[in-house]
Structure formats: C-alpha cells, structure tokens
Amino acid sequence: MRLDQSTWCEVEQYLLRSTGIIIPAGSTEQHGPIGLIGTDTICADAVAVAAAELLDALVAPPLGYSPAAFNLAFPGTVSISESLFEELALCIIDSLSGQGFRFFYFLNAHGRNTAPLRRAGERRKELSVRVRSWWDFEEVNRLRQSCFGDWEGMHATPSEISITSHIGRQVTSAAADTPPRRLTRGYIEARKGDRHGPAEEHRAEFPDGRVGSHSALARPAYGAELLRAAASAVADDYAEFLRASDPEPATG
C-alpha cells in the first residue's frame, strides 16, 4: 500500500490497524557510466514496496534528494546539505505523527543519509524510529559476496545496478567494461558512509564515477535475487521493529 496512491480515507482506515510506515531514502547522483542517476532512490523504493507487500504495510514516497556533494562534479547530481536532509526527515515524522503514526522505518540506499536520519530519530525520542540500509542484512550480503566478491566496491555497485536493471532500464557502455581501480579494505573502512573528498578531487580520483565497483558485472537475474532477499529481510526486521516497540504487536 503506497501513501501517495491512497486516499486520506484509506490512510485513516490503515491507522486503525497499524501506526507504522516505511519511508525509503535514496539520492539523485551519478552512478558510473551504466548506473542510473536515480539508482539509490529506485532501489530503496523497490525494496520497501516489495517488503510492504509481504506485510500489508504502508510505504511513503521516497526521499530522492539527499547529501551527495562529493559527486557534484558529475552532471546530473543534485545535493542538499545534511542539515536540510535531517530537517526534511523531521518534518515528515512530525507531519505523520500528528495524524497518529508512531513507528517510522527509514529504508536507506545512500550512505550519506544514515547519520542525519538517525539524528532526526534521536530528536523525537517519544516516537519509534529505525534506520536500516537495504544491504544491512546477512542474507543480502551473502548474495552480494557470492555474485560479485570484492568487485562490489563502494559506489555504482553491481548489486544496486543489478536491481535497477531487473526493475526496468538496463544500460550498456564499453566505458564500464574495464574494471575500475580495486580498493583496499582500509580505504573502504575509512570512507564508510560516503565520506569522500571535495567534488573535483573525487572526480579526479574516480573519473568514471565508479568507486571500486565493477558495475559491468551487474545482471537482471542477480537483481531479482537481491530484491527478493532484501525485501524478505526488511519485512522481518520491520515486523520485529513493531513488536519490539509496541506492547500490543501490530501486523502491518
């Protein structure tokens, strides 16, 4: 059930059985020579909707603009500040909590979103807020590792591009055929959460936009597997979130 495709009457009826909502969070930024600019938003939304279908839960429209300043040297990227993104999340929480929602599950697909989403949740301690990325789950990471190994990399990953290829548009380009520079474990650890440098320096270091990710390995069939695994894991985690937060367990 999608919030933007529901009437207010339907949402009012939904609130009689559940006060939880799933809110996808992505980005609008480059994803290498064959990755769509909306990759993160597409992935977050697809996993959220698939998980919600397993639970008859409600899904909000995705947050598609987010902090991505390190990619601004690539045409098409749109970035907002972390503080603005945090306030946007807070406005969504406040709007919906005023109508009776109490459980806010942010399903993330962009590393730089995590900290501001968590800060927004901490500012509303009287409510229940959980932030998860779709790749946070053991079964999802097993698939990523078995399909791509170290070539999953950090950005414009073959796993996320497999999902967008499975859902809709598949792009090919000879520019993606050559593997990118392989990253060390230390590099990846130091830059978790998309902690990259200034935009011009970032493009100079990774001129085609891929950050250790061999996106040409992406396949629609892998995307179907990853989407199923992520949706199942998110559905289980969302149901547990509602049970853990509510003395009277909800079902949706």
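Residue count for the stretch 176-197, restricted to those that are loosely packed, with under 15 Cβ neighbours inside 10 Å and at pLDDT below 95: 12.
Matching residues to (1) in contact with a strand residue (DSSP E or B) (Cβ under 6 Å, 6 or more places away or on another chain); (2) at pLDDT below 95; (3) surrounded by 24 or more Cβ atoms within 10 Å (Cβ to Cβ):
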site	(1), (2), (3)
C9	no, no, no
I22	yes, no, yes
A25	yes, no, yes
E29	no, no, yes
D40	no, no, yes
C43	no, no, yes
A51	no, no, yes
L54	no, no, no
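Taking the stretch 128-143 as the range and being open to solvent by 40 Å² or more (accessible area, probe 1.4 Å) and assigned to a helix (DSSP H, G or I) as the test, the residues that pass are E138, E139, N141, R142. The set of residues from the stretch 89-105 being more than 22 Å from S66 (Cα to Cα) and open to solvent by 60 Å² or more (accessible area, probe 1.4 Å) comprises G98, Q99, R102.
Do we find that D208 is among the acidic types (D, E), surrounded by 12 or more Cβ atoms within 10 Å (Cβ to Cβ) and at pLDDT 95 or above in this structure? For D208, the condition - among the acidic types (D, E), surrounded by 12 or more Cβ atoms within 10 Å (Cβ to Cβ) and at pLDDT 95 or above - is met. Scanning the stretch 180-238 for residues that are of a type in the set (A, V, I, L, M, F, W, C) and over 21 Å from T164 (Cα atoms) yields a total of 6. Condition check for T114 on (1) assigned to a helix (DSSP H, G or I); (2) in contact with a Ser or Thr (Cβ under 8 Å, 6 or more places away or on another chain); (3) closer than 26 Å to R169 by Cα; (4) β-branched (V, I, T): one failure, at (3). In this structure, L217 does not qualify as more than 20 Å from T39 (Cα to Cα), in contact with a Pro (Cβ under 8 Å, 6 or more places away or on another chain) and not aromatic (F, W, Y).
For the subset of the stretch 156-175 comprising residues that are open to solvent by 50 Å² or more (accessible area, probe 1.4 Å) and touching a helix residue (DSSP H, G or I) at 6+ places or on another chain (Cβ under 7 Å), which member is nearest to P207 (Cα to Cα)?
Among those residues, the one meeting the criterion is Q170.
Which of (1) surrounded by fewer than 22 Cβ atoms within 10 Å (Cβ to Cβ); (2) farther than 23 Å from N108 by Cα is the odd one out, the single condition E240 does not satisfy? Looking at each condition in turn, E240 falls short on (2).
For the stretch 91-116, name all the residues that are more than 25 Å from I37 (Cα to Cα) and over 16 Å from the mean Cα position of the chain (by Cα). Please lay out each step first, then the result.
Our first condition is that a residue be more than 25 Å from I37 (Cα to Cα); within the stretch 91-116, this holds for 91, 93-104.
Across the stretch 91-116, the qualifying residues are C91, I93, D94, S95, L96, S97, G98, Q99, G100, F101, R102, F103.
Selection within the stretch 12-27: residues that are in contact with a helix residue (DSSP H, G or I) (Cβ under 7 Å, 6 or more places away or on another chain) and β-branched (V, I, T). The member of this set that is farthest from P207 (Cα to Cα) is I21. Here is the figure for the stretch 117-145: residues that are among the polar types (S, T, N, Q) and over 17 Å from the mean Cα position of the chain (by Cα) total 2.
The values are calculated or read from the model by the stated rules, or taken from the named source; none is laboratory data. These numbers come from a predicted model, not from an experiment. Glycine also receives a Cβ, built like all others from the backbone with ideal geometry; neighbour counts cover every protein chain displayed. With ligands, DNA and RNA removed, areas are computed over all heavy atoms of the protein, side chains included. Shrake-Rupley method; radii C 1.70, N 1.55, O 1.52, S 1.80 Å.
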